[in-house]
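The values are calculated or read from the model by the stated rules, or taken from the named source; none is laboratory data. This structure is a prediction, so every number in the text was calculated from the model and none was measured. Here the Cβ positions follow ideal geometry from the backbone for every residue, glycine too, while neighbour counts run over all protein chains shown.
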Amino acid sequence: MRFLPLTEPDRKAMLAKVGAPSVESLYADVPNGALLTAPITGLSNHMPEMEVERFIGAMAQKNIGTNAAPSFLGAGAYRHHIPAAVDHLIQRGEFLTSYTPYQPEVAQGTLQYLFEFQTQVALLTGMDVANASMYDGATATTEAVAMANRITRRKKAVISGGLHPHYREVVETHGRHTGFETVSAPLDAAGKEDLAKHLGPDVSCVVVQNPSFFGHIHDFTKLAEAVHAAGALLIVAVTEVVSLGLLTPPGEMGADIVVAEGQSIGNPLGFGGPYVGLFAVREKFVRQMPGRVTGQTTDVDGRRGWVLTLSTREQHIRREKATSNICTNSGLCALAFTIHMTLLGEAGLNQLAALNHATASNLADRLATVPGVKLLNESFFNEFTLELSKPAIGVVEALAKKRILGGVPVARLVPGKEAEKLLLIAATELTTEAEMAALVAGLKEVLA
Amino acid sequence: MTTSNPPINTSAGTISGNRGLQLEEPLIFEMDVPGRSGVDLPDVPKHKERLAGMKRKGAVGLPGLAESQVVRHYTKLSQKNYAIDMSVYPLGSCTMKHNPRINEKIARLPGIADLHPMQPVSTVQGALELIDTLAHWLKTLTGMPAVAMSPAAGAHGELCGMLTIRAAQLAKGDARKRILVPESAHGTNPATAASIGYEVDPVPADERGRVDLAAFKAKLGPDVAGTMITNPNTCGLFENDIIDIADAVHGAGGYFYCDGANFNAIVGRVRPGDLGVDAMHINLHKTFSTPHGGGGPGSGPVVLSEALAPYAPLPYVVHGANGFDLVEHDGGKSFGRLKGFHGQMGMFSRALSYILSHGADGLRQVSGDAVLNANYLQASLRSDLSVAFPGTCMHEALFNDDFLEGTGVTTLDFAKAMIDEGYHPMTMYFPLVVHGALLMEPTETESKDGLDRYIEVVQGLARRAKAGDAAYFHGAPYHTPRRRLDETLAARQPILRWKPEETKKAAE
C-alpha cells in the first residue's frame with residue numbers, strides 16, 4: 001500500500017509498546033457483532049495508480065466536456081480561461097495540504113492571501129469588508145438572508161424573480177425549516193418587476209441579482225432607497241463576477257450585503273463544485289457577518305501579521321449561539337480566485353470584462369437573425385435569454401446530438417409551461433467565431 | 001596563513017528584514033504599478049454596447065503585477081505555511097493525512113474538470129456514474145441504504161442530516177424541539193441544531209470520557225427530536241454504549257444523528273449502520289483525503305437510514321431507463337435544495353480515486369494503522385504527559401494539562417514551543433470536557449520512525465517545562481516568520497482589508 005508506511009515489524013514493535021496483542025484488540029469497545037472480521041465485499045483490493053487512472057478515465061471519456069464541443073452554458077457557472085500559473089500555484093503543497101490557519105505563526109501564507117482576497121472582494125463589490133469565503137453563491141445568499149433577519153429582527157425575505165432559481169430554492173429551504181417567511185416574486189424573464197410593492201414593516205430584506213438570472217442589467221439605486229426607507233436591507237447577488245470589471249458595483253447602488261459566486265475567476269466548471277461564495281458587507285454589520293475573517297495585527301516584535309479574527313461570532317467559540325454553523329470555507333478556491341485576480345489586475349479585468357460583453361453582444365446579433373429566435377434582453381453582460389419557437393429542452397437535446405452544448409433551458413431549473421421556450425445563452429472570452437457559427441447553423445436546423 | 005575576521009554579530013537584524021530563506025513579502029496592493037498586468041488578452045472586437053447605462057465609472061482599485069511577480073508572491077507566501085507535505089500534522093479531529101497526488105490528477109481530467117453542471121444528462125453519463133459509484137461505496141462502507149451527496153462540508157452535512165430528521169418528524173405531525181448533544185461535541189453540532197430552531201440540551205461525559213448513559217436516558221422525553229453524537233467521540237474513544245444509546249433514543253421516538261468526523265478510525269472495520277445510526281455525514285476531506293486547502297473546500301455527504309431517505313435533499317442521481325438520470329425537482333417528500341448545482345464533484349472524483357487506490361484491504365489497513373499510531377503515541381507519551389482517560393484509544397490520543405501543573409507553562413505555550421521544533425501543534429483546548437486539552441491525531445500515513453522523532457520532541461518539551469524553563473515557553477515561537485500575534489488587538493480594532501492609510505500607519 002503505497003500511502004501507508006508501517007511495516008509488519010513496525011506494527012509488532014508498536015503493539016509491544018502499547019501492550020496490545022493485536023490491532024483488533026484495540027477495537028475492544030466496539031459492541032459484539034459490530035466489528036467486521038474481514039474486508040468489505042465487492043470492492044477490489046488496492047489498485048495501482050495506472051489502474052485508477054484507467055478506471056475513472058473511462059468514466060470521464062463518456063462525457064462531452066465543454067472544452068471538447070462548442071459550449072454556451074452559463075446560468076451561474078461560466079467557462080473562462082484560467083492562466084496556467086493559477087493551477088500551478090494552488091498545487092504547492094504548502095497551500096494544498098495545510099489546514100484552517102488556527103496557528104497563525106505557521107499559517108501567515110494562508111492568512112495573507114485571505115486578507116488580500118477579502119480586499120479584492122470588497123473592491124470589486126464596492127463594499128467595505130468581506131469574509132474569507134463561503135461554500136458557494138447559493139449558500140452565501142441564504143447566509144445573507146439569515147444575517148439580515150438577525151440585524152432587523154424581522155423574518156420575511158422578498159426574493160426577486162430574477163434571482164438564480166437554485167439560490168431562491170436554497171433560501172426557501174432555510175426559510176421553511178428555520179422559521180422565516182419568503183415571498184418569491186414571479187419569474188422575471190422581461191426584467192421589469194417591481195419589488196417595492198412587497199415592502200412592509202415585517203420585511204427584513206430584498207434579494208435581487210445583477211445581472212439577473214435572465215441577463216438583464218439593473219440600477220438598484222431607487223430600490224435600495226425604498227428598501228432602506230422600509231427599514232429593510234438590500235442583498236445583491238452576482239453570479240458572474242467578471243461583470244464587476246465593467247458594471248457599476250452593487251455597493252455604489254446602496255446594497256447592504258453583496259453575495260457572489262466566484263467560480264468564474266480561477267476555478268474550473270467542475271460539474272458544479274467546489275466553487276467559492278463571496279460575501280461582502282457594510283462596515284457597521286461586520287460583527288453580524290458569518291464565516292471566517294482574517295484581520296491585520298502585530299506580533300510581539302511589532303511586525304505586521306495576520307490572524308483569524310472576530311471568532312466570537314463562530315461556532316467553535318459560541319456553539320449554539322454562533323452566527324452560523326459554518327466551519328469550513330472554500331480556502332483553496334479562494335486562493336485560485338485571488339491568484340487569477342492578481343494576474344488580471346485592473347487592466348486585465350477591465351479587458352476581460354469588455355471582451356466577454358463584446359463576444360456576447362455579437363453572438364446575440366447573429367442569433368437574432370435565426371428564424372424562431374427572439375432576443376428578450378435590451379441589456380446584458382455576457383449572457384442573455386432567447387425565446388424559441390420550440391421547447392428549449394428538446395432543442396438543447398437536439399443540439400447535443402450535433403455535439404453542440406447549446407445553452408441552459410430555463411425549464412431545466414424552473415419546470416413548467418411558463419419558461420418552456422426560454423433558453424439562456426452565455427459567451428465568454430473563450431467563445432470563438434467557429435463556435436458561434438456552429439450554434440447559429442445548429443439552431444437554424446433544429447428550429448426549422 | 002590564517003586571516004582573522006572581526007567577530008560577526010549574528011543577532012543583528014538584516015538590512016532587508018529577510019532571514020535567509022524566510023523572506024518578507026508585502027501585500028499585492030503595495031506592489032502595484034498601474035497598467036501592468038499578468039495576462040495578455042485578445043483585442044476587444046467591435047460590438048454594440050448593451051449595458052443599460054450602467055458601465056462602471058470609477059476604477060476597481062486592483063493592483064497591476066506581471067506574471068513573474070505574481071508567481072514569486074504566492075511562492076513566498078506558501079513558504080510561510082506549515083503543511084502535511086512537510087511533516088506530522090497532529091491536529092486532533094481534523095485527520096490531516098497525506099493527500100495522494102493521483103487524486104489531483106483525476107480531478108483535473110478532461111471530461112470531469114470541464115463539465116458544466118447544467119449540460120444535458122445525456123452528455124454527462126460518466127459524471128453521474130462517478131457520483132453513483134462513490135455513493136455506492138459510501139453506503140457499503142457505512143452499512144446504510146441511502147446517501148445525500150450535495151452537502152458542501154461537514155457542518156453542511158450536519159444541517160442536511162438534521163433537516164432530514166426534522167422533515168421526517170414533521171411528516172408524522174410530530175414536531176419536537178430538543179436535541180441532546182454531548183458536551184464533548186464539535187461546536188458545529190450545537191450551532192447546527194440551534195440554527196434550525198432546536199433547543200440544545202447538553203449531555204455530560206462520564207469519568208471514562210463517554211456519554212453518561214444514565215444522564216442521557218434521564219433527558220429523553222416526547223419532546224426530544226434526537227441526538228447528535230460523534231463516534232468515535234472527540235476524546236478519541238469509542239462510545240461502547242452506542243447501541244444502548246441508539247435504542248434509547250429510538251424508544252423515545254427520536255433519531256440518532258452521528259457526526260462522522262472520526263470515521264477514519266473505523267473505516268472498513270465498523271459500519272455505523274450496524275450501530276443504529278439514522279444519519280451520518282462523512283467528511284471526504286478527512287477520511288477520504290481530499291485536500292484541506294487552507295480551510296476548504298470540503299465535502300460532507302450524509303448517509304441515511306431507510307426511514308429518512310425519502311426526505312433527502314435535491315438533487316440526486318437515479319438509474320433511469322436510458323442510463324443515469326438526475327432528479328432536480330420533485331413533488332415528493334424531499335426537504336428541498338441545500339446548495340447550488342449538484343455537490344462538490346471535484347471532491348467526489350478525488351475521494352473515489354482514494355477509495356479505489358486503497359481498496360477493501362487498504363481501507364481496513366487505514367483504520368488499523370491510524371488507531372495503532374495513536375495508541376503508540378499515547379503509550380510513548382504516557383509517562384511524560386498526562387493521559388486524559390484510561391485504556392487504549394482510537395485514532396487520536398487525548399491528554400490534559402495536569403503534567404504542566406505548577407510549571408507556569410500553559411497548553412498554548414506548549415503548542416507554540418512545538419512550532420519551533422518544526423511541528424504543527426496538536427488541537428488545543430478541545431474537547432471542552434478535558435482541562436487544557438491536547439488532542440493528537442497522527443493518522444495512518446505517519447511512519448514509526450517519524451513518530452519516534454515527534455515523540456522525542458514532545459517528551460523533551462515536557463521535561464523542559466517541568467525543569468522550570470517557563471520563560472522559554474512564554475516567548476515561543478522564536479523561529480517563525482512571525483512570532484506570537486496579538487489576537488486581542490485584531491478583534492478590538494478590526495482591520496479586515498488593505499487601505500493605503502492603514503498600511504502607512506502600521507509601517508510607522
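Among the residues of the range B:199-222, none qualifies, meaning not one is touching a Phe, Trp or Tyr at 6+ places or on another chain (Cβ under 7 Å), part of a helix (DSSP H, G or I) and within 12 Å of another protein chain (Cβ to nearest Cβ). Among the residues of the range B:81-102, none qualifies, meaning not one is of a type in the set (Gly, Ala, Ser), in a helix (DSSP H, G or I) and either closer than 21 Å to A:LEU43 by Cβ or facing chain A (nearest Cβ under 7 Å) (or both). Taken over the range A:192-211, the criterion of being within 21 Å of A:GLY175 (Cβ to Cβ) and either outside the structural domain of A:ARG168 (by TED's automatic domain parsing) or assigned to a loop (DSSP other than H, G, I, E, B) (or both) is satisfied by A:GLU193, A:LEU195, A:LEU199, A:GLY200, A:PRO201, A:ASP202, A:VAL203, A:SER204. The combined condition, being closer than 29 Å to A:THR7 by Cα, out of contact with any strand residue (DSSP E or B) (no Cβ under 7 Å at 6 or more places or on another chain), at pLDDT 95 or above and surrounded by fewer than 23 Cβ atoms within 10 Å (Cβ to Cβ), is fulfilled by B:LYS448. Do you know which residues across the range A:366-420 are acidic (Asp, Glu) and in contact with a Pro (Cβ under 6 Å, 6 or more places away or on another chain)? Passing the criteria: A:GLU397, A:GLU420. What number of residues within the range B:450-475 satisfy the criterion of being within 26 Å of the chain's Cα centre (by Cα) and at the interface with chain A (Cβ under 9 Å from one of its Cβ atoms)? Qualifying residue count for the region: 2. In the range A:330-443, counting only strands (runs of 3 or more DSSP E) that sit wholly within it, the ones holding 2 or more residues that are more than 8 Å from every other protein chain (Cβ to nearest Cβ) and crowded, with 22+ Cβ neighbours inside 10 Å span A:383-388, A:422-426. Only one of the numbered conditions (1) at pLDDT below 95; (2) under 30 Å from B:ARG350 (Cα atoms) is violated by A:VAL241, and that is (1). Return the total of residues in the range A:166-205 being of a type in the set (Ser, Thr, Tyr) and more than 10 Å from chain B (Cβ to nearest Cβ). Count: 3.
Residue-by-condition table, conditions (1) among the acidic types (Asp, Glu); (2) without any contact (Cβ under 8 Å) to a residue 24 or more places away in the chain; (3) under 30 Å from B:ALA113 (Cβ atoms):
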| site | (1), (2), (3) |
| --- | --- |
| B:GLY332 | no, yes, no |
| B:HIS342 | no, no, yes |
| B:GLY359 | no, yes, yes |
| B:GLN365 | no, no, no |
| B:LEU377 | no, no, no |
| B:LEU381 | no, no, no |
| B:VAL387 | no, yes, no |
| B:ALA397 | no, no, no |
| B:ASN400 | no, no, no |
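A single entry from B:ALA321, B:ALA360 fulfils the requirement of being surrounded by fewer than 23 Cβ atoms within 10 Å (Cβ to Cβ), at pLDDT below 95 and over 30 Å from A:VAL171 (Cβ atoms): B:ALA321.
Being assigned by TED's automatic domain parsing to the domain that holds A:ILE151, touching a Phe, Trp or Tyr at 6+ places or on another chain (Cβ under 7 Å), touching a residue at least 24 places away in the same chain (Cβ under 8 Å) and more than 30 Å from A:ILE90 (Cβ to Cβ) holds for only one residue in A:GLY179, A:GLY215, A:GLY262, A:GLY231, and it is A:GLY215. Scanning the range A:48-71 for residues that are surrounded by 20 or more Cβ atoms within 10 Å (Cβ to Cβ) and out of contact with any strand residue (DSSP E or B) (no Cβ under 9 Å at 6 or more places or on another chain), we see that the one that is farthest from A:GLU433 (Cα to Cα) is A:VAL52. Name every residue in the range A:116-128 that is in contact with a Leu (Cβ under 9 Å, 6 or more places away or on another chain) and more than 7 Å from every other protein chain (Cβ to nearest Cβ), in order of residue number. Listed by number, the residues that qualify are A:PHE117, A:VAL121, A:THR125, A:GLY126, A:ASP128.
Taking the range B:314-412 as the region of interest, the strands (runs of 3 or more DSSP E) fully inside it that hold 1 or more residues being over 28 Å from B:ASN262 (Cα atoms) are B:316-320, B:323-327. Looking at A:SER25, is it surrounded by fewer than 16 Cβ atoms within 10 Å (Cβ to Cβ) and either in contact with a strand residue (DSSP E or B) (Cβ under 9 Å, 6 or more places away or on another chain) or more than 7 Å from chain B (Cβ to nearest Cβ) (or both)? Criteria met by A:SER25. With respect to B:ASN400, determine if the residue is of a type outside the set (A, V, I, L, M, F, W, C), buried (at least 23 other Cβ atoms within 10 Å of the Cβ) and modelled with pLDDT of 95 or more. So B:ASN400 fails the test.
Report yes if A:GLY442 is on the phi > 0 side of the Ramachandran plot and in contact with a Leu (Cβ under 9 Å, 6 or more places away or on another chain), otherwise no. So A:GLY442 fails the test.
If you go through the range B:324-354 and pick out every residue that is in contact with an Asp or Glu (Cβ under 6 Å, 6 or more places away or on another chain) and surrounded by fewer than 17 Cβ atoms within 10 Å (Cβ to Cβ), you end up with 0.
Here is a yes/no grid of residues against (1) of a type in the set (A, V, I, L, M, F, W, C); (2) surrounded by 24 or more Cβ atoms within 10 Å (Cβ to Cβ); (3) in contact with a strand residue (DSSP E or B) (Cβ under 6 Å, 6 or more places away or on another chain):
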residue: A:VAL145; (1), (2), (3): yes, yes, yes
residue: A:ILE151; (1), (2), (3): yes, no, no
residue: A:ILE159; (1), (2), (3): yes, yes, yes
residue: A:VAL206; (1), (2), (3): yes, yes, yes
residue: A:SER212; (1), (2), (3): no, yes, no
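For the range B:430-455, filtering for residues that are under 11 Å from B:GLY92 (Cα atoms) and part of a loop (DSSP other than H, G, I, E, B) leaves 6.
Does A:VAL307 satisfy the criteria of being over 26 Å from A:HIS166 (Cβ atoms), touching a strand residue (DSSP E or B) at 6+ places or on another chain (Cβ under 9 Å), at the interface with another protein chain (Cβ under 7 Å from one of its Cβ atoms) and assigned to a strand (DSSP E or B)?
Criteria met by A:VAL307.
Can you confirm whether B:ILE196 is touching a Ser or Thr at 6+ places or on another chain (Cβ under 7 Å), closer than 21 Å to B:VAL303 by Cβ and surrounded by fewer than 24 Cβ atoms within 10 Å (Cβ to Cβ)? In short, yes.
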